[in-house]
Amino acid sequence: MTVEQNVLQQSAAQKHQQTFLNQLREITGINDAQILQQALKDSNGNLELAVAFLTAKNAKTPQQEETTYYQTALPGNDRYISVGSQADTRKKYMPTRTRCATIEQSKYGSKDERDLDVIDLTGDDKDDLQRAIALSLAESNRAFRETGITDEEQAISRVLEASIAENKACLKRTPTEVWRDSRNPYDRKRQDKAPVGLKNVGNTCWFSAVIQSLFNLLEFRRLVLNYKPPSNAQDLPRNQKQDVSEFTHKLLDWLEDAFQMKAEEETDEEKPKNPMVELFYGRFLAVGVLEGKKFENTEMFGQYPLQVNGFKDLHECLEAAMIEGEIESLHSENSGKSGQEHWFTKLPPVLTFELSRFEFNQALGRPEKIHNKLEFPQVLYLDRYMHRNREITRIKREEIKRLKDYLTVLQQRLERYLSYGSGPKRFPLVDVLQYALEFASSKPVCTSPVDDIDASSPPSGSVPQTLPSTTEQQGAPSAELPSTSPAPLAAVSSRSVIHKPFTQSRIPPDLPMHPAPRHITEEELSVLESCLHRWRTEIENDTRDLQESISRIHRTIELMYSDKSMIQVPYRLHAVLVHEGQANAGHYWAYIFDHRENRWMKYNDIAVTKSSWEELVRDSFGGYRNASAYCLMYINDKAQFLIKEELNKETGQALVGIETLPPDLRDFVEEDNQRFEKELEEWDAQLAQKALQEKLLASQKLRESESSVTTAQAGEAEYLEQPSRSDFSKHLKEETIRIITKASHEHEDKSPETVLQSAIKLEYSRLVKLAQEDTPPETDYRLHHVVVYFIQNQAPKKIIEKTLLEQFGDRNLSFDERCHNIMKVAQAKLEMIKPEEVNLEEYEEWHQDYRKFRETTMYLIIGLENFQRESYIDSLLFLICAYQNNKELLSKGRYRGHDEELISHYRRECLLKLNEQAAELFESGEDREVNNGLIIMNEFIVPFLPLLLVDEMEEKDILAVEDMRNRWCSYLGQEMESNLQEKLTDFLPKLLDCSTEIKGFHEPPKLPSYSTHELCERFARIMLSLSRTPADGR
């Protein structure tokens, strides 16, 4: 039996009551429909009174499943059918789009209007939060009554005006200010035909994400650009901060109103077609049984809301929203419930899913974001949800339910094999049998574990180990005991008071103690081994069969809807709108598919970059960081008109760029381009004039620079960071002279040629020994000599030989009579080396790497010294430079740099310490300290956070970033002065920006001059101090 309804009454009552109930649900956190409906009835439609009623009475929510209700009016009996769906509980979704006056206005008479301005602020049973809610609602409704403009319609107009006023500027972000114009017009020039981003003029990333997604729908773009206001056009309401779903819903409402007026003017049809409705709105049929009566209601929908919590993928969300919802009568005393189903009867070309990732935490009194992972496909087949396929779908759902029930049985059976036992600790049954087999097969070392082992003498040649006495064991720390000691030995040691002779005995090292059967015959062992082997094989086969059956069922369920008849309605993912942050603050950006280039693009405010499906998945699925998809926009894959480019009627070529604009907009853009071209010409003229004035000065500086470079290159091979070459004698001269002296004593032939060859061999042998030596962390022989660095990193032999020749050919040796002739021979050999024998570019590259290694060491030393002095700002810059240089070196070889984990640890700790300092300054509330805290965050924390997010394998870095962000997001739920709230709101989007682009990187700090001896000494000192300091989980 079908319940007949008047369409206008249904739409008006449904929209009004759904909005009312969802507002109550969001404000109070109460999800019980019966309580909310009673509040609606008792308050006679007054939202403030309903809130006051619910909070004053402290209504208790009955235990029932949370469900969202779409209200449908039943004329004539003053009852309502609640068409249930596990959908978003927020007010922004209204499944029926109506334009008529609500028929329920008569129920909310003038008394409500008189009561709207009266809020009780004295009630003892209301807390501050509740009174603030009431005041906020009263102010919102008062503004609407006075101006006709709702509080939901205030920010968009300001955003558009601000963006238009500055649309000529492509702005660059800095750590200390949100935006600044670039004086160079070439920085604002569009790169070829690359997409253009939208400037964030203050908390407007939500606007940019939505507009970019719609603009990249060519059909939508054509409709908007070619729109002409009707002659009877009325002023649309102008528009506080929105989120993506609220703004999208409001924007589509506005566009629908605008195009509806135009459609009504241009056609005489009874029901003129609205292109925006045709593009974005669809219909579904709600069927079910209420109080023994069947009903079918057709509903219109735009954005389709889906709950995320409790589901793993988009199809699960849709299934929950479309089937087995629960409904109940609004005004019936009996709360009888029955199931219902939703079936799509008409899908829009552009289908938008709103993912509900927020829920109200009643304990904390504020909304919270759900970070659960939710997967969604690139192509979504919706055949299973279509009304025409309902019979097939029902059959398949029953089959899936049967398979899932059987799957549950198999998984429970498998779990018994994988977690066997009756106690709290359980193990795989296969392992239990294997352990039993190993125990049975073990041979006993002795007849009893407490026998006096002194009777056994150690085998010849073995070195006996003496266990410490009971007194010694009790006095010595456990860390001093060898970690390789057998477990039974430790157990015996704990009973040393009773078995003192045993604890003082000597145990042969080749006879380790282990549990074993004391008495077992060969026949018993044979039978037992046979049984255990057979049982283990049986269990392995059973486990494998269960796993294969489970896999087959999973595969069958996955392919249930893959037959040809159920893949006729494909929808392709067009855009994903992503939100990073918490419920009260965050940042939006969008991934949009470029159908022309067949690739994903990332639109993050003004930045538009190439992306990939893998990056989209990482940022959008959720469950990993605070970023997750909040809105999915799919388009009908068969509706090519949505993305089809317009063609020139004469040439048949696709229209691109300015050609797609209507004449008036084309003229406007061409005039603006002409002004921009003039600006470019003026800039070029200024540069030319400036270049002419500075030409002579530049030439002089160039000559000076070339001179200084020549001088620097002459001393580069020393790696001494000292302008003077005299440091060579301090570092290598004595060692070189010693080697030469030793070589001359070893040979009767004292000729310089022979002595040089012998000296090089001796020096090379010494350096190889150093390179192979296992040293503690405070000793790094790579800092002592470049050849040690080359040997450890397997440099070519020719490069090592040339480097050693340069050591013995250094001019500082000319002042020693014993070495003068040796130096001459070495220099002559260097000059004889041909370019083809030693690749000079490769030689220079190896020496540059060594210079960078020494620089990295100095950055690390200074950074760690400042960290220990708690000078975290100074420490941070040096540690970041050390990490970046070290990472580049390690990419060429594992011995090219220092311990990456150590540098990463202190870099991370330094950022956490700075964040803690900044947060404490902000909490003080003093203007000066608050500003200092935000300066620390803007100049040192925010610019360097992307460095911690680049490598996804560094889980500790990612957790540190989350800790820092959560610390600042926690302030959102606290009371603070308005100026602090404003500063926090302005700062948080920069902190929550998920981009890995490095912004505002400081210049590397200048390094002091260290000799090799000083460098090694300071390195040893700082590393020794670290070894005495706890690593805090490093």
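Bear in mind that the values in this text are calculations on the coordinates, not laboratory data. All values derive from a computational prediction rather than experimental measurement. Ideal geometry is used to build each Cβ from the backbone, glycine not excepted, and the neighbour counts take in all protein chains shown.
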Taking 0.36 nm per residue of sequence separation and subtracting the Cα-Cα distance, how much length would be gained by fully extending the chain between ALA516 and LYS956, in nm to one decimal? 154.0 nm
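List the pairs from LYS750/LYS824; LYS373/LYS610; LYS273/LYS346; LYS312/LYS369; LYS199/LYS913 whose alpha-carbon separation is above 22 Å, in the order I gave them.
Check vs 22 Å cut-off fails for LYS373/LYS610; LYS199/LYS913.
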Could you tell me the center-to-center distance, by alpha carbons, between segment 785-845 and segment 294-315 in angstrom? 76 Å
Say R0 is 41 Å: what FRET efficiency, to the nearest 0.05, do LEU830 and TRP613 get from their beta-carbon distance? 0.15
Whose amide H sits under 5 Å from the amide H of GLU291, counting only residues 5 or more places off or on another chain, with H placed in the peptide plane? none
In nm, the gap between the two label points placed 7 Å beyond Cα toward Cβ at SER526 and ASN839 is 6.9 nm
Which of the trypsin sites (Lys or Arg not before Pro) found in segment 370-445 are loop residues per DSSP with 15 or fewer other Cβ atoms within 10 Å of their Cβ? LYS373, LYS425, ARG426
Quick check: pseudo-label points 7 Å beyond the Cα along Cα→Cβ at ILE935 and GLU773, how many nm apart are they? 4.8 nm
If the chain between GLU1014 and GLU982 were fully stretched, how many nm would it gain, using 0.36 nm times the residue separation less the Cα-Cα distance? 6.5 nm
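Select from segment 862-916 those trypsin sites (Lys or Arg not before Pro) which occupy a DSSP coil region and have at most 13 other Cβ atoms within 10 Å, ordered by residue number.
Passing sites in segment 862-916 are ARG869, LYS892, ARG894.
What list do you get for VAL669, VAL578 if you sort them by fewest beta carbons within 10 Å?
The fewest-first ordering by Cβ neighbours comes to VAL669, VAL578.
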Could you give the length gained on full extension between VAL289 and ASP542, defined as 0.36 nm per residue of separation minus the Cα-Cα distance, in nm? 86.5 nm
Sequence of LYS802, LYS852 once ranked by neighbouring C-beta atoms within 10 Å, starting from the fewest: LYS852, LYS802
Report the label-to-label distance for ARG738 and THR556 in nanometres (one decimal), using points 7 Å from each Cα along the Cα→Cβ vector. 8.0 nm
